[in-house]
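Visitor: Quick one: the structure is below, questions incoming.
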Amino acid sequence: MPNVAGEAAYCRACRIAPPSYVQAVSYGVYEGAMRGAIHALKYDRVSALARPLGLRLAEAIAQLGEGSPQEMLVVPVPLHRGRMVQRGFNQARVLAKEAVRVLHRTRPEWKLEMSPKTLVRQRSTESQSGLTPRQRRQNLRGAFFVSDAEMVRGRHVLLVDDILTTGATARACSRILVEAGAASVRVATLARAQRRVPQIVRDDRKFIRLSTGESALRDVAPSRAVTIHAVQAT
């Protein structure tokens, strides 16, 4: 993860077991107003938040930099069909769609293709909340598969989710995508759980205020994006 000087640093987990993705970016830290906004979208179904949150996800994706592929297949992390029926929508897909819409305008040189059905969650999993990193990995074992390997073979993939906590979901999904033939996988999330690694980020506490009567959005200066460069296995 780069610090303000741009020097690369890596978390212990990535040094010990390099993930299949080559880079991960997040808009900000999963706390304060950001946490409240994500919860409001996911659990309270405040759909008005999709557009401003998607805009912030687009800002995070832009942090991938000039060295990233200009053509990428955008794959949202899927929900199991039971969770999809219960919630009524996949927040990762909603955020990805909004971010791609923004990036088509702000980064026209990038060719981003939405592919929401490429990755499938074939098994209902226990909620990751409260699980240890090891339990999270075990919980996701065998949970995902690629529905059409031809769609991803030789393609650069941008995997999108709302939150990156321990990275277990991103690791599981990216591994399956690489095994299906993806040329590379990059990960973009709206928020990232705070970890003890060198970073300079701030909670975007003012960008949104949820009033008791209705949700009201307030745009202010964006927070610094968090970027993680995965260590490549040798």
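The values are calculated or read from the model by the stated rules, or taken from the named source; none is laboratory data. From a predicted model like this one, the values you see are computed outputs, not experimental measurements. As a convention, Cβ positions derive from the backbone with ideal geometry for all residues, glycine included, and neighbour counts pool all protein chains shown.
Visitor: Residues that are within 12 Å of the chain's Cα centre (by Cα), modelled with pLDDT of 50 or more and surrounded by 14 or more Cβ atoms within 10 Å (Cβ to Cβ): which strands (runs of 3 or more DSSP E) entirely in the range 146-234 hold 3 or more of them?
Guide: 156-164, 184-192
Visitor: Among (1) over 24 Å from VAL157 (Cβ atoms); (2) in contact with a Pro (Cβ under 9 Å, 6 or more places away or on another chain); (3) not in a helix (DSSP H, G or I), where does PRO78 come up short?
Guide: (1)
Visitor: Moving on. At pLDDT below 95 and on the phi < 0 side of the Ramachandran plot: is that true of GLY67 in this structure?
Guide: yes
Visitor: Report yes if some residue within the range 127-140 is modelled with pLDDT under 95, among the polar types (S, T, N, Q), part of a loop (DSSP other than H, G, I, E, B) and under 14 Å from the mean Cα position of the chain (by Cα); otherwise report no.
Guide: For the range 127-140, residues modelled with pLDDT under 95, among the polar types (S, T, N, Q), part of a loop (DSSP other than H, G, I, E, B) and under 14 Å from the mean Cα position of the chain (by Cα): absent.
Visitor: Does the range 81-106 hold any residues that are modelled with pLDDT of 95 or more and either among the charged types (D, E, K, R) or in a strand (DSSP E or B) (or both), and which are they?
Guide: Listed by number, the residues that qualify are ARG93, LYS97, GLU98, ARG101, ARG105.
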